[in-house]
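Below: the structure, in C-alpha coordinates.
The values are calculated or read from the model by the stated rules, or taken from the named source; none is laboratory data. All values derive from a computational prediction rather than experimental measurement. Neighbour counts run over all protein chains shown; Cβ positions are idealised from the backbone, glycine included. Heads up: the accessible areas ignore ligands, DNA and RNA and are worked out on the full protein's heavy atoms, side chains in. Shrake-Rupley method; radii C 1.70, N 1.55, O 1.52, S 1.80 Å.
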Amino acid sequence: MSSVSHDTLPLARPVLGAREEELVLEVLRSGQLSLGPRLAEFEQAFAARVDAPFASAVSSGTAGLHLALRAVGVSDGDEVITSPFSFVASANVAVYERARPVFADIDPVTLNLSVDAAAAAVTSRTTALLPVHIFGYPCDIAGFEALGLPIVEDACEALGAVHVDGVPVGGRGHPAVFGFYANKQLTTGEGGMVTLSSQAMKERIDSERNQGRAPDMDWLDHDRLGYNYRLSDIACALGLAQLERLDSLLEGRARVASLYGSVLGAIEGLSLPCPESGGNRRGWFVYVVQLPRGVDRDSVVRALGSRGIPSKPYFPAVHLMSYYREQFGHRDGEFPVCEDVAARSIALPFFPEMAEGQVEMVASALADVLEPDRRTSG
Ligand SMILES: Cc1ncc(COP(=O)(O)O)c(C=O)c1O
(Lines give C-alpha, C1' and ligand atoms only; values in the text may rest on other atoms or scores of the structure.)
Protein backbone atom coordinates (compact mmCIF):
# COMPACT_ATOMS: atom_id res chain seq x y z
CA MET A 1 0.00 0.00 0.00
CA SER A 2 1.26 3.49 -0.79
CA SER A 3 2.53 5.46 2.18
CA VAL A 4 0.48 8.40 0.96
CA SER A 5 -2.84 6.55 1.04
CA HIS A 6 -5.74 8.89 1.82
CA ASP A 7 -7.33 6.23 4.03
CA THR A 8 -4.51 5.87 6.50
CA LEU A 9 -3.24 9.36 7.25
CA PRO A 10 -3.61 9.89 11.01
CA LEU A 11 -3.39 13.21 12.87
CA ALA A 12 -0.63 11.76 15.08
CA ARG A 13 1.13 8.41 15.33
CA PRO A 14 3.70 7.17 17.87
CA VAL A 15 6.88 5.39 16.79
CA LEU A 16 7.14 2.11 18.68
CA GLY A 17 9.44 -0.79 17.90
CA ALA A 18 11.37 -3.81 19.07
CA ARG A 19 13.12 -1.95 21.89
CA GLU A 20 9.81 -0.89 23.43
CA GLU A 21 8.58 -4.48 23.20
CA GLU A 22 11.78 -5.81 24.73
CA LEU A 23 11.75 -3.49 27.75
CA VAL A 24 8.02 -3.85 28.39
CA LEU A 25 8.23 -7.65 28.13
CA GLU A 26 11.10 -7.64 30.60
CA VAL A 27 8.89 -5.89 33.14
CA LEU A 28 6.01 -8.28 32.47
CA ARG A 29 8.32 -11.25 32.99
CA SER A 30 9.81 -9.75 36.16
CA GLY A 31 6.41 -9.77 37.83
CA GLN A 32 7.04 -6.31 39.34
CA LEU A 33 4.65 -4.14 37.44
CA SER A 34 4.68 -1.05 39.65
CA LEU A 35 7.10 0.65 42.08
CA GLY A 36 9.89 -1.47 40.63
CA PRO A 37 13.38 -0.58 39.38
CA ARG A 38 12.26 0.97 36.09
CA LEU A 39 10.67 3.91 37.91
CA ALA A 40 13.89 5.39 39.33
CA GLU A 41 15.74 4.48 36.16
CA PHE A 42 13.30 6.38 33.99
CA GLU A 43 13.27 9.36 36.35
CA GLN A 44 17.06 9.60 36.44
CA ALA A 45 17.48 9.19 32.69
CA PHE A 46 14.80 11.81 32.02
CA ALA A 47 16.27 14.29 34.53
CA ALA A 48 19.70 13.87 32.91
CA ARG A 49 18.19 14.48 29.48
CA VAL A 50 16.86 17.94 30.45
CA ASP A 51 19.72 18.84 32.83
CA ALA A 52 17.50 18.77 35.93
CA PRO A 53 18.78 17.45 39.27
CA PHE A 54 15.61 15.44 39.99
CA ALA A 55 12.49 14.10 38.33
CA SER A 56 9.31 12.43 39.57
CA ALA A 57 7.29 10.24 37.22
CA VAL A 58 3.51 10.55 37.48
CA SER A 59 0.44 9.09 35.84
CA SER A 60 -0.22 12.08 33.54
CA GLY A 61 0.83 15.61 32.77
CA THR A 62 -2.28 16.80 34.60
CA ALA A 63 -1.30 14.85 37.72
CA GLY A 64 2.18 16.37 37.54
CA LEU A 65 0.83 19.91 37.22
CA HIS A 66 -1.49 19.31 40.16
CA LEU A 67 1.30 18.05 42.44
CA ALA A 68 3.70 20.77 41.27
CA LEU A 69 1.18 23.50 42.13
CA ARG A 70 0.71 21.96 45.57
CA ALA A 71 4.49 21.77 45.97
CA VAL A 72 4.92 25.51 45.36
CA GLY A 73 2.24 26.21 47.95
CA VAL A 74 -0.93 26.96 45.95
CA SER A 75 -4.07 26.47 48.03
CA ASP A 76 -7.58 27.68 48.74
CA GLY A 77 -8.37 31.20 47.51
CA ASP A 78 -5.01 31.76 45.78
CA GLU A 79 -4.65 33.00 42.23
CA VAL A 80 -2.55 31.28 39.57
CA ILE A 81 -1.80 33.19 36.39
CA THR A 82 -1.84 31.08 33.26
CA SER A 83 -2.53 31.11 29.54
CA PRO A 84 -6.03 30.87 28.10
CA PHE A 85 -4.50 29.39 24.93
CA SER A 86 -3.67 25.93 26.21
CA PHE A 87 -5.06 22.52 26.90
CA VAL A 88 -7.71 22.85 29.60
CA ALA A 89 -5.62 20.94 32.17
CA SER A 90 -3.27 23.87 32.80
CA ALA A 91 -6.18 25.87 34.25
CA ASN A 92 -8.07 22.94 35.79
CA VAL A 93 -5.21 22.07 38.14
CA ALA A 94 -5.59 25.41 39.95
CA VAL A 95 -9.30 24.69 40.40
CA TYR A 96 -8.42 21.29 41.95
CA GLU A 97 -6.82 23.27 44.79
CA ARG A 98 -9.76 25.71 45.02
CA ALA A 99 -7.48 28.40 43.64
CA ARG A 100 -8.56 30.73 40.84
CA PRO A 101 -6.95 30.40 37.44
CA VAL A 102 -6.35 33.97 36.28
CA PHE A 103 -5.89 34.24 32.55
CA ALA A 104 -3.79 36.82 30.73
CA ASP A 105 -3.48 37.30 26.99
CA ILE A 106 -0.86 35.71 24.79
CA ASP A 107 1.92 36.96 22.58
CA PRO A 108 0.67 37.02 18.97
CA VAL A 109 3.93 35.62 17.59
CA THR A 110 4.96 32.85 19.98
CA LEU A 111 1.36 32.20 21.19
CA ASN A 112 2.79 31.88 24.71
CA LEU A 113 1.48 33.74 27.75
CA SER A 114 2.61 37.37 27.45
CA VAL A 115 4.92 38.46 30.27
CA ASP A 116 3.49 42.00 30.22
CA ALA A 117 -0.09 40.73 30.36
CA ALA A 118 0.81 38.34 33.18
CA ALA A 119 2.54 41.16 35.09
CA ALA A 120 -0.61 43.28 34.78
CA ALA A 121 -2.71 40.43 36.20
CA VAL A 122 -0.66 40.01 39.40
CA THR A 123 -2.56 40.80 42.62
CA SER A 124 -1.84 40.31 46.31
CA ARG A 125 -3.42 36.85 45.98
CA THR A 126 -1.18 35.65 43.17
CA THR A 127 0.73 32.63 44.46
CA ALA A 128 2.17 31.20 41.28
CA LEU A 129 2.68 31.67 37.57
CA LEU A 130 1.90 28.74 35.31
CA PRO A 131 3.27 29.60 31.87
CA VAL A 132 2.81 27.02 29.09
CA HIS A 133 5.42 26.29 26.42
CA ILE A 134 2.71 26.09 23.83
CA PHE A 135 3.23 23.81 20.83
CA GLY A 136 6.75 23.23 22.16
CA TYR A 137 7.94 26.83 21.79
CA PRO A 138 9.84 27.99 24.91
CA CYS A 139 8.10 30.78 26.80
CA ASP A 140 10.03 33.85 27.96
CA ILE A 141 11.02 32.23 31.22
CA ALA A 142 13.49 34.96 32.21
CA GLY A 143 10.67 37.50 31.84
CA PHE A 144 8.46 35.46 34.18
CA GLU A 145 11.31 34.96 36.64
CA ALA A 146 11.69 38.75 36.84
CA LEU A 147 8.15 38.93 38.28
CA GLY A 148 9.49 37.27 41.43
CA LEU A 149 6.76 34.66 41.96
CA PRO A 150 6.97 30.86 42.16
CA ILE A 151 6.72 29.30 38.72
CA VAL A 152 5.39 25.95 37.57
CA GLU A 153 6.17 25.37 33.89
CA ASP A 154 3.65 23.51 31.77
CA ALA A 155 6.13 21.76 29.50
CA CYS A 156 3.66 19.02 28.54
CA GLU A 157 4.17 19.86 24.86
CA ALA A 158 7.80 20.90 25.03
CA LEU A 159 10.15 17.96 25.40
CA GLY A 160 13.26 18.78 23.38
CA ALA A 161 12.74 22.54 23.50
CA VAL A 162 15.65 24.75 24.50
CA HIS A 163 15.55 28.23 26.03
CA VAL A 164 17.26 31.19 24.47
CA ASP A 165 20.24 30.78 26.86
CA GLY A 166 20.80 27.15 25.86
CA VAL A 167 19.14 25.62 28.95
CA PRO A 168 16.77 22.79 28.01
CA VAL A 169 13.14 23.38 28.94
CA GLY A 170 12.75 21.55 32.23
CA GLY A 171 16.25 22.39 33.41
CA ARG A 172 15.63 25.91 34.59
CA GLY A 173 15.08 24.98 38.24
CA HIS A 174 11.32 25.48 38.54
CA PRO A 175 9.07 22.45 38.66
CA ALA A 176 8.41 21.71 34.98
CA VAL A 177 5.84 19.17 33.89
CA PHE A 178 6.01 16.98 30.79
CA GLY A 179 3.21 14.86 29.34
CA PHE A 180 3.52 11.43 27.74
CA TYR A 181 0.09 10.96 26.16
CA ALA A 182 0.16 9.05 22.88
CA ASN A 183 0.56 12.14 20.67
CA LYS A 184 3.57 13.52 22.56
CA GLN A 185 7.25 13.60 21.53
CA LEU A 186 7.84 10.71 23.95
CA THR A 187 4.92 8.51 24.92
CA THR A 188 4.12 6.01 27.63
CA GLY A 189 0.48 5.82 26.50
CA GLU A 190 -0.50 7.96 29.49
CA GLY A 191 2.03 9.47 31.84
CA GLY A 192 4.02 12.48 32.88
CA MET A 193 7.18 13.71 34.56
CA VAL A 194 7.92 16.61 36.89
CA THR A 195 11.52 17.86 36.72
CA LEU A 196 12.80 19.58 39.83
CA SER A 197 15.79 21.23 41.43
CA SER A 198 14.67 20.72 45.03
CA GLN A 199 15.05 17.38 46.77
CA ALA A 200 12.42 18.35 49.35
CA MET A 201 9.93 19.00 46.56
CA LYS A 202 10.74 15.66 44.97
CA GLU A 203 10.13 13.89 48.27
CA ARG A 204 6.80 15.65 48.67
CA ILE A 205 5.69 14.86 45.11
CA ASP A 206 6.84 11.23 45.38
CA SER A 207 4.82 10.88 48.57
CA GLU A 208 1.71 12.63 47.27
CA ARG A 209 1.65 10.59 44.06
CA ASN A 210 1.64 7.49 46.25
CA GLN A 211 -1.28 8.19 48.61
CA GLY A 212 0.85 10.29 50.97
CA ARG A 213 3.29 7.59 51.92
CA ALA A 214 6.92 8.49 52.73
CA PRO A 215 9.60 6.19 51.26
CA ASP A 216 10.45 4.71 54.68
CA MET A 217 6.84 3.92 55.55
CA ASP A 218 4.98 0.66 55.34
CA TRP A 219 2.38 -0.23 52.72
CA LEU A 220 -0.61 1.12 54.63
CA ASP A 221 1.05 4.02 56.43
CA HIS A 222 0.20 7.51 55.20
CA ASP A 223 1.14 10.76 56.89
CA ARG A 224 -0.36 13.32 54.51
CA LEU A 225 -3.13 13.60 51.94
CA GLY A 226 -2.10 11.85 48.75
CA TYR A 227 -3.37 10.57 45.43
CA ASN A 228 -2.79 7.61 43.21
CA TYR A 229 -0.75 9.37 40.55
CA ARG A 230 1.83 6.59 40.14
CA LEU A 231 3.34 5.59 36.81
CA SER A 232 3.62 1.81 36.41
CA ASP A 233 6.91 0.07 35.65
CA ILE A 234 5.36 -1.05 32.36
CA ALA A 235 4.93 2.60 31.38
CA CYS A 236 8.41 3.50 32.68
CA ALA A 237 9.93 0.74 30.54
CA LEU A 238 8.14 2.15 27.53
CA GLY A 239 9.41 5.60 28.47
CA LEU A 240 13.01 4.37 28.75
CA ALA A 241 12.85 2.85 25.29
CA GLN A 242 11.34 6.06 23.91
CA LEU A 243 14.02 8.12 25.64
CA GLU A 244 16.73 6.06 23.93
CA ARG A 245 15.30 7.05 20.56
CA LEU A 246 14.31 10.59 21.53
CA ASP A 247 16.87 12.34 19.32
CA SER A 248 15.57 10.58 16.25
CA LEU A 249 11.94 11.19 17.25
CA LEU A 250 12.67 14.91 17.64
CA GLU A 251 14.62 15.01 14.39
CA GLY A 252 11.73 13.34 12.59
CA ARG A 253 9.31 15.96 13.86
CA ALA A 254 11.66 18.81 12.97
CA ARG A 255 12.08 17.35 9.47
CA VAL A 256 8.30 17.19 8.93
CA ALA A 257 7.89 20.74 10.28
CA SER A 258 10.50 22.00 7.90
CA LEU A 259 8.79 20.24 4.97
CA TYR A 260 5.48 21.81 5.96
CA GLY A 261 7.16 25.21 6.23
CA SER A 262 8.48 24.98 2.70
CA VAL A 263 5.23 23.86 1.06
CA LEU A 264 2.71 25.89 3.08
CA GLY A 265 4.63 29.15 2.82
CA ALA A 266 3.09 29.75 -0.59
CA ILE A 267 -0.50 29.83 0.69
CA GLU A 268 -1.47 33.45 1.00
CA GLY A 269 -2.77 34.60 4.37
CA LEU A 270 -1.94 31.35 6.16
CA SER A 271 0.05 31.88 9.39
CA LEU A 272 2.63 29.22 10.12
CA PRO A 273 4.25 28.42 13.49
CA CYS A 274 6.70 31.19 14.37
CA PRO A 275 10.30 30.64 13.35
CA GLU A 276 12.79 29.96 16.11
CA SER A 277 14.40 33.21 17.18
CA GLY A 278 17.22 34.41 19.42
CA GLY A 279 18.47 30.89 20.20
CA ASN A 280 15.08 29.53 21.32
CA ARG A 281 14.57 26.03 19.94
CA ARG A 282 11.16 24.47 19.56
CA GLY A 283 10.52 20.87 20.61
CA TRP A 284 8.13 20.13 17.76
CA PHE A 285 4.87 18.69 19.03
CA VAL A 286 2.07 19.58 16.60
CA TYR A 287 1.87 21.52 13.38
CA VAL A 288 -0.78 24.18 13.89
CA VAL A 289 -1.56 26.86 11.32
CA GLN A 290 -3.87 29.83 11.54
CA LEU A 291 -6.26 30.10 8.61
CA PRO A 292 -6.63 33.45 6.85
CA ARG A 293 -9.21 35.74 8.46
CA GLY A 294 -12.69 35.38 6.97
CA VAL A 295 -12.31 31.69 6.15
CA ASP A 296 -14.93 29.30 7.53
CA ARG A 297 -12.76 26.94 9.56
CA ASP A 298 -15.41 24.26 10.03
CA SER A 299 -15.90 23.96 6.30
CA VAL A 300 -12.12 23.69 5.80
CA VAL A 301 -11.93 20.88 8.39
CA ARG A 302 -14.85 19.11 6.69
CA ALA A 303 -13.40 19.53 3.20
CA LEU A 304 -10.00 18.20 4.32
CA GLY A 305 -11.77 15.30 6.05
CA SER A 306 -13.61 14.40 2.85
CA ARG A 307 -10.18 14.08 1.20
CA GLY A 308 -8.98 11.71 3.94
CA ILE A 309 -7.01 14.37 5.79
CA PRO A 310 -7.78 14.72 9.48
CA SER A 311 -7.41 18.17 11.07
CA LYS A 312 -8.65 19.68 14.31
CA PRO A 313 -9.49 23.14 15.65
CA TYR A 314 -6.65 23.51 18.16
CA PHE A 315 -6.86 25.00 20.81
CA PRO A 316 -10.21 26.51 21.76
CA ALA A 317 -9.77 29.38 24.26
CA VAL A 318 -10.04 27.93 27.77
CA HIS A 319 -11.80 30.96 29.31
CA LEU A 320 -14.64 30.62 26.78
CA MET A 321 -15.39 26.98 27.64
CA SER A 322 -18.75 26.64 29.32
CA TYR A 323 -17.33 25.57 32.69
CA TYR A 324 -15.05 28.63 32.83
CA ARG A 325 -17.78 30.99 31.66
CA GLU A 326 -20.16 29.67 34.30
CA GLN A 327 -17.74 29.37 37.23
CA PHE A 328 -15.68 32.50 36.67
CA GLY A 329 -17.92 34.77 34.56
CA HIS A 330 -15.65 34.90 31.52
CA ARG A 331 -17.00 36.40 28.31
CA ASP A 332 -15.99 36.96 24.69
CA GLY A 333 -13.51 39.74 24.04
CA GLU A 334 -11.50 39.50 27.27
CA PHE A 335 -8.33 38.17 25.63
CA PRO A 336 -8.50 39.31 22.02
CA VAL A 337 -5.20 37.88 20.80
CA CYS A 338 -5.98 34.44 22.21
CA GLU A 339 -9.53 34.52 20.86
CA ASP A 340 -8.42 35.50 17.37
CA VAL A 341 -5.75 32.79 17.25
CA ALA A 342 -8.05 30.16 18.79
CA ALA A 343 -10.76 30.89 16.21
CA ARG A 344 -8.41 30.39 13.25
CA SER A 345 -6.11 27.55 14.32
CA ILE A 346 -6.11 24.02 13.00
CA ALA A 347 -3.72 21.17 13.67
CA LEU A 348 -2.61 19.26 10.59
CA PRO A 349 -1.40 15.64 10.50
CA PHE A 350 2.01 15.54 12.14
CA PHE A 351 4.22 12.66 13.27
CA PRO A 352 7.92 11.76 13.02
CA GLU A 353 7.60 9.22 10.23
CA MET A 354 5.38 11.33 8.00
CA ALA A 355 6.54 11.01 4.41
CA GLU A 356 7.34 13.98 2.21
CA GLY A 357 4.53 12.89 -0.14
CA GLN A 358 2.05 12.96 2.71
CA VAL A 359 3.11 16.48 3.70
CA GLU A 360 2.75 17.59 0.06
CA MET A 361 -0.67 15.96 -0.16
CA VAL A 362 -1.87 17.82 2.94
CA ALA A 363 -0.47 21.11 1.65
CA SER A 364 -2.00 20.81 -1.78
CA ALA A 365 -5.37 19.78 -0.32
CA LEU A 366 -5.28 22.77 2.02
CA ALA A 367 -4.40 25.12 -0.84
CA ASP A 368 -7.27 23.69 -2.93
CA VAL A 369 -9.75 23.87 -0.09
CA LEU A 370 -8.84 27.45 0.77
CA GLU A 371 -9.14 28.76 -2.77
CA PRO A 372 -12.91 28.40 -3.33
CA ASP A 373 -13.59 29.28 0.30
CA ARG A 374 -11.67 32.51 -0.01
CA ARG A 375 -13.40 33.34 -3.29
CA THR A 376 -16.84 32.94 -1.70
CA SER A 377 -15.86 34.88 1.43
CA GLY A 378 -14.76 37.76 -0.76
C1 LIG B 1 -0.32 22.16 27.38
C2 LIG B 1 -0.77 20.90 28.07
N3 LIG B 1 -0.94 20.90 29.39
C4 LIG B 1 -1.33 19.82 30.05
C5 LIG B 1 -1.59 18.63 29.40
C6 LIG B 1 -2.08 17.47 30.19
O7 LIG B 1 -1.36 16.30 30.02
P8 LIG B 1 -2.06 14.87 30.20
O9 LIG B 1 -3.02 14.68 29.09
O10 LIG B 1 -0.90 13.92 30.18
O11 LIG B 1 -2.74 14.87 31.52
C12 LIG B 1 -1.42 18.57 28.01
C13 LIG B 1 -1.68 17.32 27.29
O14 LIG B 1 -2.17 17.19 26.25
C15 LIG B 1 -1.03 19.74 27.32
O16 LIG B 1 -0.91 19.74 25.98
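Some points to look at:
- Descending by average beta-carbon neighbour count within 10 Å, the peptides 235-245, 89-99, 253-263 line up as 235-245, 89-99, 253-263, the highest first.
- Mean residue ellipticity (222 nm) of the chain, computed from DSSP H runs ≥ 4 via -39,500 (n - 2.57), nearest 500: -11500 deg cm²/dmol
- Rounded, prolate or oblate (a/c below 1.5 giving rounded, otherwise prolate when a/b exceeds b/c) for the chain by Cα gyration tensor: oblate
- Rounded percent of accessible protein surface that carbon and sulfur make up, the range 62-199, 1.4 Å probe: 52
- Shape category assigned to the range 124-233 from the gyration tensor of Cα positions, a/c cut at 1.5: oblate
- Computed from label points 7 Å out along Cα-Cβ, the spacing between ALA48 and ARG98 is 4.4 nm.
- Packing, taken as the mean count of other beta carbons within 10 Å per residue, orders the peptides 341-352, 50-61 from highest to lowest as 50-61, 341-352.
- Descending by average beta-carbon neighbour count within 10 Å, the peptides 126-139, 25-38, 194-207, 309-322 line up as 126-139, 194-207, 309-322, 25-38, the highest first.
- R0 of 45 Å, Cβ-Cβ distance CYS274-ASP216: FRET efficiency to nearest 0.05: 0.40
- Extension gain for ASP247-ASP165 works out to 27.5 nm (0.36 nm per residue, less the C-alpha to C-alpha distance).
- The chain: antiparallel DSSP beta bridges as a percent of all, rounded to 5: 60
- Label zone at GLU334 (point 7 Å along Cα-to-Cβ), backbone N below 12 Å, the range 87-123: 100-105
- The chain: DSSP helices with Cα axial extent of at least 20 Å and average Kyte-Doolittle hydropathy no lower than -1.0: 246-264, 356-376
- Solvent-accessible area, 1.4 Å probe, carbon plus sulfur percent, for the range 258-378: 49
- Annotation for the range 193-246 versus the range 41-67: alpha-carbon center distance of 9 Å.
- Cβ charges +1 (Lys, Arg) and -1 (Asp, Glu), total dipole of the range 242-378, debye: 120
- Ranking TYR314, SER75, ALA104 by Cα position along the charge dipole of the chain, where only Lys, Arg, Asp and Glu carry charges on their C-beta atoms, puts TYR314 farthest toward the positive end.
- Rounded Å value of the spacing that divides the Cα centres of the range 300-336 and the range 112-150: 23
- Environment charge at ALA200 (Cβ cut-off 14 Å; Lys +1, Arg +1, Asp -1, Glu -1): +1
- Solvent-accessible area per residue for the chain (1.4 angstrom probe, square angstrom): 41
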